[in-house]
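Working notes, beginning with the structure itself.
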Amino acid sequence: MKHQNVFWGTILITFGLLFMFDRLGVFELEWFMVWRLWPVLLILWGVSILPVRGLFKMILAIGVAALSLLIYANLDPEESPFHRNFHYNYTDEDTTDSEDINQVFSHPIDTDTTALLKMTAGAGKFMLNGTTNELIYINKSGGKIGYDFKVEEMDGNATVSLEQNSDINIQRKRPNNLDIQLNENPIWGFDVEIGAADFNFDLTPFKVSKIDIEGGATSIRFKLGNLYPETEVNIDAAASSINMRIPETAGCSILGSSILSHRDMKGFIQVSKGHYETENYATASQKIKISVDAAVSSFEITRY
């Protein structure tokens, strides 16, 4: 039995059990608490490379997974170093003890030639679809999550920061929705950290230089246009679904790993291990460079 199979198979079993126990109400799943168990990965990797019989490895791996679940069930969320930034209290009750938090943010366009959208958020639905005469327009609706909004401008460069407030409860029947519109004149960059979210950005009307996305248990979908000659995309995701759409005329290069992931990359040829390119990459006037580190994820890229 290959040690990689033992290692990643146990990871799948552990995460599957965490999701199942959360659904059954055995305990409440908090992703930031899950990451506190990262040393378990080292233990499982060590188990997988032990020079012993496969059955003994499997017994050890299952034992480590069971111990991890027991430890997680007894962790105190208040002790998490991330607790002050994100706290999720999921409930299926459609309570009316307080109103949903609805917010509208906007900022006028000045002489900005470049703009960076920095977004830090937890669960919710985040959609970019359309343009505005402002630099940015955001309509937040539903749920109990609030956001802090700030814009800093200097020498033609704008940085837009959108950060989730601390200690906010959200409810499954009252989703947290963000509808975003951007001005199409600046050259845009994106720095996004999200978790347990639905991220859907239509970037075809914009000049996009760079996209950095970090997510967990997330649906990531975005569509790039052909308005900028070179775009760099970096995605770091776990247990996520990733779907990208790029112009067929663009030359595209993909580097990285997608462990135990479903991959669909039609039109790409393998250059080396973990390196794929479109046939027109060397000659295309538009180039898209993608770096992906995705574990236990579905990865799909479509040329349109």
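Just so you know, all these numbers are worked out from the coordinates, no wet-lab data involved. Since the model is a prediction, treat every value here as computed from it, not as a measurement. Ideal geometry is used to build each Cβ from the backbone, glycine not excepted, and the neighbour counts take in all protein chains shown.
Ranking Leu224, Thr132, Ala115 by how far each Cα lies toward the positive end of the dipole of the stretch 103-303 (charges on Cβ) leaves Leu224 at the top. Amide H contacts under 5 Å for Ser241: Thr218, Ser219, Ile220, Ser298, restricted to partners 5 or more places along the chain or on a different chain, H placed in the peptide plane at 1.01 Å from N.
Bridge orientation summary for the stretch 103-303: considering DSSP beta bridges with both residues in this region, about 25 percent are antiparallel.
Projecting the Cα atoms of Gly156, Gly256, Ile242 onto the charge dipole of the stretch 103-303, computed from C-beta unit charges around the Cα centre, puts Ile242 farthest toward the positive end.
One compactness figure for the stretch 180-240 is 1.12, namely its Cα radius of gyration divided by 2.2 N^0.38 Å.
Along the stretch 200-210 the Karplus relation, 6.51 cos²θ - 1.76 cosθ + 1.60 evaluated at θ = phi - 60°, assigns HN-Hα couplings of 9, 10, 9, 9, 4, x, 10, 8, 10, 9, 7 Hz to successive residues, with x for each Gly and Pro.
Please list, in chain and number order, the residues 5+ apart from Asn234 or on another chain whose amide H is under 5 Å from its amide H, with Hs placed from the backbone. Those qualifying (amide H under 5 Å, at least 5 residues apart or on another chain) are Ile211, Asp212, Ile213, Ser291.
The label-point distance for Asn139 and Met127, in a model that sets each label 7 Å from Cα toward Cβ, rounds to 1.0 nm. Rounded to the nearest 0.05, the FRET efficiency derived from the C-beta distance between Asp148 and Tyr304 at R0 = 45 Å is 0.80.
In order along the stretch 181-196, the phi-based Karplus estimate (6.51 cos²θ - 1.76 cosθ + 1.60, θ = phi - 60°) of 3J(HN,Hα) comes to 10, 10, 6, 8, 7, x, 8, 9, x, 9, 10, 10, 10, 9, x, 6 Hz; Gly and Pro are listed as x. Only Lys, Arg, Asp and Glu carry charge here, each on its Cβ (+1 for the first two, -1 for the last two); on that basis the stretch 233-304 has a dipole of about 80 debye about its Cα centre. Database remark: amide H of Ile109 closer than 5 angstrom to the amide H of Leu135 (H placed geometrically; neighbours at sequence offset of 5 or more, or on other chains; Pro and chain starts carry no H).
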